[in-house]
Structures are given as structure tokens and as C-alpha cells.
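The values are calculated or read from the model by the stated rules, or taken from the named source; none is laboratory data. Bear in mind that the values here come from a model prediction, so they are computed numbers and not experimental data. FYI the Cβ positions are ideal-geometry reconstructions off the backbone, even for glycines, and counts take in every protein chain you see.
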Amino acid sequence: MIGEDARIVEVRHWLVRVPFHAPIVWGSGVRSGPTRLLCEITTAGGAKGYGETICLLDAIEPVFRNIVAKVAIGKRVDQAEVLHRNVLGAGYYHHKRAAIMAMCALEMAMWDALGRLSGLSLSQMWGGVYRKSVDFSAYLFVADPAALKDEAQRFVDRSYRSFKVKIGVDERSDISLVRAMRETIGDCGLRADVNGAWTIGTAKRQLAKLAEYDLSYIEQPLELDDLRGHAHLRSMQPVPVALDESAYTLSDVGNIIRDGAADVVLLDPHEAGGLWPCIKAAAVCEAVGIPVTLHSGGELGFSQAAYVHLAASIPNMTISIDTELDYLSDDVTTAPFVMNNGALAVPTGPGLGVEPDFDKINKYQVEDIRGAYLDPSRPDWFPVKPAY
């Protein structure tokens, strides 16, 4: 039974940045490694829980420190829904993007602590383990076709069966990169992510050229607010349309469904306000027959564990999920995940099923956010959405 001992009495947090083996280059700039916000909660009874969230924006840490952490004090770890609505009710319904990203770390820690107290894993608490192993997609960020083939072959040799390639840099490379991927991976699943770089006219032209490469879907072809444009693309050509940046919050997903704007929805608990809002969004999609998957923003061990539990317990998460695990040089948990044939087994321990490595957390602790967008080698350049 969860009682007064389960009330949160202390919250600690850290900003950490774990370097990539090499910088990732994409249409929105260059990323040298993910900056993540980690947190630890302690209950009155001494139980602890750990959480993590994406940290691309300078506003996230102050919102966590000044609002989320303070609102959490005194709440029981089984009150995730109350936390979410309390933070928004503190005025942050006006600033949802910052609030939901800040909230996820604390909400994840609440679920972790609840699982530790109950002796159940997250997936057991969310309806049970629906699948025991979770498939991941090889994620490619190479803008040169020849180099892309070499990188894709590395994943083929490791028995990945699903692949995702970043495009959206310019018209010519869109086609040549997809062609290079298909020539390398054969009949494996292939998807392409535009990151909102296309205008509607360009999308029509490019998708006609890409039709022969049998894409599983085209991700975020248009600017994130253009739901009507995405609905139009769905109706006039055969490549399935997936939405990511358009689908952050539960309300976003509801609007996508109302407008008929997507065949696939990419969810992200860090951009939804937590694990529970992500589960609810998946259920909305399940009700109308839309499959879901998960977006990756450089998850470290806590979030990677949460992703596996989400995919293990959500029936319509039938599409291999994104990950940047292969690019990370290290982790902040005691037993980092290692991919096996493009898949991970579901953790069986209570809560998230992972433990913090405080030596690593201290090693990678930082005071600011760097390397999320823009390109240091091109000081006058910045991305535009749509770009062409």
C-alpha cells in the first residue's frame, strides 16, 4: 500500500552532456552530444527514483528548478497526473514546450520510485509486458551517399532490419541518399526524415521521385504546424506520412487525429510531459488504428529503459523505435544498454530497472547547453523551415 512514506521530500538534479563518438550532422545543424537533465527524488520513507529528460533549450533547467521540483515536494509518487496538471496550472499552460520537457524527468522518477516500492517494473504497472524484446531502427545522419552506404552496411552487418535516414538538406541529396540506402540494405524497412524542410510543392515532387524506393514512411515532410498540408499529402500520394514535431503533446495528437494528418505518429515522453501522457497519446492513436513509435533525442540509460518499457507494454507500438545509442560514447547508469541484433530485452527489475552511476554523472556534469542546433563551422548559417 502506498502511504505517507511515499511522499516526495527531496529533489536533486544535474545537467549532463555525454559526447557522441563524432558530431551528428543534420538539416538543423550539428550535434556534438546530447545534454540531458537528470533527477533523483527521495521519499519520506527513504525510497528513491530517477528520471531523465531532453534538454535542448535553456528554459528547461530553470523551469525544473523553480517550478517542477517545488511543486513535486509533498506529493506521493503515485500522483503523476496531479503533478502534470499542477505544473500547467502554475501558469505553464502558456509555455507548454518548456514545462512538459522539464516535467518528464520528475514524472519518470515518480514512476521509478513507485515501481521500486511495489516491486513491479514500469511495463508491469502499465498493463503487463506485451512484447519481451523491442526492435530499434538504425539511425543514419550522413549527407554523402558513398559514406552513407558504408555506415548503413555497418548496421546491416550487425543484423539491424530497420533503417532511418535523415534527409531535408537539399533537393538533390534527398533522392541520392534514399537511393544509396535502398541499394545497401536491400528489402529491409526504410524510412526518411525531412525535419519539416519541404514546402508542399516540393513534397509532392520529391515523394513522386521517392515512391520507387518503398519507404515505410516519410517523417515530418512539412513544417510542424501544417496539419492541413500533411492531410493533403496523405490523400494524394502513396507514401505513408509520419508526424513527430507536430505530435509533442496529447492535444497535438488529438488535433492530428481530427485532421487526418498522419498514418504514423512518433511519440516522445520528454516532449509530452512524461510517460503517462505518452501512454495516453498512444491509446488515442490505437483507437483509430494508427501505429506509433518513439522519437530519439540521445537518450541515456534512464530514458532508454523507459523507452523499452513503453514499447514493451503499448500494443500499437508496432514500429521499431528510434535510438541514438550507437553514437553515444558513454552512459550514466551502472549497466549501459548494448544492442543485440537491433533489439533490446525488457528490463526485469523494479521501476526502470537501471541504477545510477554517480561517478559518471559527476564526470559529465555541465552548467550549460551546447551543440544542439546551428553549426560552429558556418557562423552565418541557420536552418529555415520550410527550406525549399
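Among the candidates Ala105, Ala98, single out the residue that is assigned to a helix (DSSP H, G or I), hydrophobic (A, V, I, L, M, F, W, C) and crowded, with 22+ Cβ neighbours inside 10 Å. Let's see the steps before the verdict.
On the way: Ala98 fails: crowded, with 22+ Cβ neighbours inside 10 Å.
The conditions single out Ala105.
Working only within the stretch 272-297, note down all residues that are modelled with pLDDT of 95 or more, under 24 Å from Ala98 (Cα atoms) and either touching a Pro at 6+ places or on another chain (Cβ under 6 Å) or not aliphatic (A, V, I, L, M) (or both).
Selection gives Gly273, Gly274, Leu275, Trp276, Pro277, Cys278, Lys280, Thr293, His295, Ser296.
Looking only at the stretch 60-86, count how many residues are assigned to a helix (DSSP H, G or I) and either free of Cβ contacts under 8 Å to residues at least 40 places away in the same chain or within 20 Å of Ala6 (Cα to Cα) (or both). First the steps, then the outcome.
Start the filter on the stretch 60-86 by keeping residues that are assigned to a helix (DSSP H, G or I), which leaves 60-72, 80-86.
Applying the additional criterion that residues be either free of Cβ contacts under 8 Å to residues at least 40 places away in the same chain or within 20 Å of Ala6 (Cα to Cα) (or both) yields 62-63, 66-72, 80-86.
The total comes to 16.
Of the numbered conditions (1) at pLDDT 95 or above; (2) crowded, with 23+ Cβ neighbours inside 10 Å, Arg7 fails exactly one; give the number of that condition.
If we test Arg7 against (1) at pLDDT 95 or above; (2) crowded, with 23+ Cβ neighbours inside 10 Å, just (2) comes out false.
List pairs: first in the stretch 207-225 and of a type in the set (Lys, Arg), second at pLDDT 95 or above, Cβ under 9 Å, 6+ apart or cross-chain?
Sorted first by the residue in the stretch 207-225, then by its partner, the pairs are Lys209/Asp174; Lys209/Ile175; Lys209/Val178.
Among the residues of the stretch 187-206, which ones are surrounded by 18 or more Cβ atoms within 10 Å (Cβ to Cβ) and of a type in the set (Asp, Glu)? Explain how you work it out, then say what you get.
Pass one, the stretch 187-206, residues surrounded by 18 or more Cβ atoms within 10 Å (Cβ to Cβ): 188-198, 202-203, 206.
Selection gives Asp193 alone.
Test of understanding: among Leu210, Leu177, Leu222, which residue is assigned by TED's automatic domain parsing to the domain that holds Ile319, over 27 Å from Asn340 (Cβ atoms) and assigned to a loop (DSSP other than H, G, I, E, B)? Before the answer, list the steps.
Numbers: Leu210 fails: assigned to a loop (DSSP other than H, G, I, E, B); Leu177 fails: assigned to a loop (DSSP other than H, G, I, E, B).
The unique qualifying residue is Leu222.
Quick grid of which residues meet (1) surrounded by 14 or more Cβ atoms within 10 Å (Cβ to Cβ); (2) in contact (Cβ under 8 Å) with a residue 12 or more places away in the chain; (3) in a strand (DSSP E or B):
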position: Ala305; (1), (2), (3): yes, yes, no
position: Met317; (1), (2), (3): yes, yes, no
position: Asp331; (1), (2), (3): yes, yes, no
position: Val338; (1), (2), (3): no, no, no
position: Lys360; (1), (2), (3): yes, yes, no
position: Asp368; (1), (2), (3): no, yes, no
position: Ala387; (1), (2), (3): yes, yes, no
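Take the stretch 157-170 and flag every residue that is buried (at least 16 other Cβ atoms within 10 Å of the Cβ) and either in the same structural domain as Ser28 (by TED's automatic domain parsing) or not aromatic (Phe, Trp, Tyr) (or both). Break it down into steps so the answer makes sense when it comes.
Let us first name the residues in the stretch 157-170 that are buried (at least 16 other Cβ atoms within 10 Å of the Cβ), namely 160-169.
Arg161, Ser162, Lys164, Val165, Lys166, Ile167, Gly168, Val169, listed by residue number.
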